[in-house]
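S.K.: What follows is a single structure, and I will ask about it in a moment.
Computed from the coordinates by the stated procedures, all read-outs in this text should not be read as laboratory data. Here the structure is a predicted model, which is why all the values come from computation and not from measurement. Don't worry about glycine lacking a Cβ; one is built from the backbone with ideal geometry, like all the others, and counts go over all protein chains shown.
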Amino acid sequence: MVISWNKPIFTGLLLLLFWLPPVYAGTVTFTAVQAVNIADGMYSDSNLYSESDIMINWGCNPGDEFCLEHAPTTSQGLVQFDLSSIPSGATITNATLELYHSVNDGAGKIFDIFGNTSSWDETLVTYDTRPTTDAGASSTLTIDDADYAQGLYRDWDLTSLVQEWVSGTHANFGVTLHERDETFENWIYFEGLNEDEYPPLLVITGDGLGGPGGVPEPATFALLAGGFAVLGLVRARRRRAE
């Protein structure tokens, strides 16, 4: 049997095989591209980009009557990640938001994460211009450490929300961090991007992840191996035909 050998066409197909980007499976970690605190009261129209934390205890010094009268009653954090490197067809099996808890024990405190539904700019946003959010929280974390631990990352499960971001069913405008009960002025401090050592992180595990940080899926290896096998077979048959 003689196999017709069309070298230009075969070479083109082989180059296409190697040009196709590999599909990744595994775990990829993203660092936030935006992170900022917003607060009401006397800071409601102030941009707090220069602050190093996304959750701040805006307390007042005793005797400061103006501060006591106008002090914030809420301190919220805004965080956003660029996930454009993940293909829309990827399957997210786990996505964890990690925020570094640096100061204040906050035992018993409950923190909710809401998906944002409008855009914002960390250098411009204020509490008065804050982004809108989903009505319900995407994830909740209760700080229940018996030893009042601090100086560690706290985790929120954002698997469902991240899958929606990747698939395009929910626009990715990041999230808002909100303490559920702000009756007591003991907000935990969570670090933002101005603290380079412990920035906000999003750790994603799944199938079909794009870009560096993942491991090529078995199908990618099989495709490459198949290409080499076909090349060897055709060359062998060509030699026999000659």
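S.K.: Could you list Ser119, Ser44 in order of exposure, starting from the residue whose Cβ has the fewest other Cβ atoms within 10 Å?
M.R.: In increasing order of surrounding Cβ atoms, one gets Ser119, Ser44.
S.K.: If each Cα of the stretch 119-173 is one equal point scatterer, what is log10 of I(q)/I(0) from the Debye formula at q = 0.21, 0.22, 0.23, 0.25 Å⁻¹?
M.R.: For the requested q values the scattering log ratios are -0.99, -1.01, -1.02, -1.05.
S.K.: What's the long-distance tail for the stretch 124-213, i.e. % of Cα pairs beyond 24 Å?
M.R.: Percentage above 24 Å: 35.
S.K.: Could you tell me which chymotrypsin sites (Phe, Trp or Tyr not before Pro) in the stretch 132-186 are loop residues by DSSP with no more than 15 other beta carbons within 10 angstrom of their beta carbon?
M.R.: Within the stretch 132-186, the qualifying chymotrypsin sites (Phe, Trp or Tyr not before Pro) (loop, at most 15 other Cβ atoms within 10 Å) are Tyr148, Phe184.
S.K.: Something else: Can you sort Thr205, Thr96, Thr169 from fewest to most other Cβ atoms within 10 Å of each residue's own Cβ?
M.R.: Ranking Thr205, Thr96, Thr169 by Cβ neighbours within 10 Å, fewest first, gives Thr169, Thr205, Thr96.
S.K.: Using the Cβ atoms and a cut-off under 14 Å, what net charge is assigned to the surroundings of Val166, where Lys and Arg are +1 and Asp and Glu are -1?
M.R.: -3
S.K.: Ratio of alpha-carbon Rg to the 2.2 N^0.38 Å globular estimate for the stretch 59-120, to two decimals, please.
M.R.: Compared with the compact-globule rule of thumb, the stretch 59-120 sits at 1.72.
S.K.: Still on this structure, please answer the following. Working from the pairwise distances between different alpha carbons, so that the mean of 1/r is found and then inverted, what is the stretch 32-73's Kirkwood radius in Å?
M.R.: When all Cα pairs of the stretch 32-73 are included, the Kirkwood radius is 11.2 Å.
S.K.: From the P(r) of the stretch 57-214, could you give the percentage of C-alpha pairs in the tail past 22 Å?
M.R.: Counting every Cα pair in the stretch 57-214, those more than 22 Å apart make up 47 percent.
S.K.: With charges only on Cβ, +1 for K and R and -1 for D and E, what is the dipole size of the stretch 36-111 about its Cα centre, in debye, rounded to 20?
M.R.: 360
S.K.: Would you mind ranking Asp40, Asp121 so that the residue whose beta carbon has the fewest other beta carbons within 10 Å leads the list?
M.R.: Starting with the residue having the fewest Cβ neighbours, the order is Asp121, Asp40.
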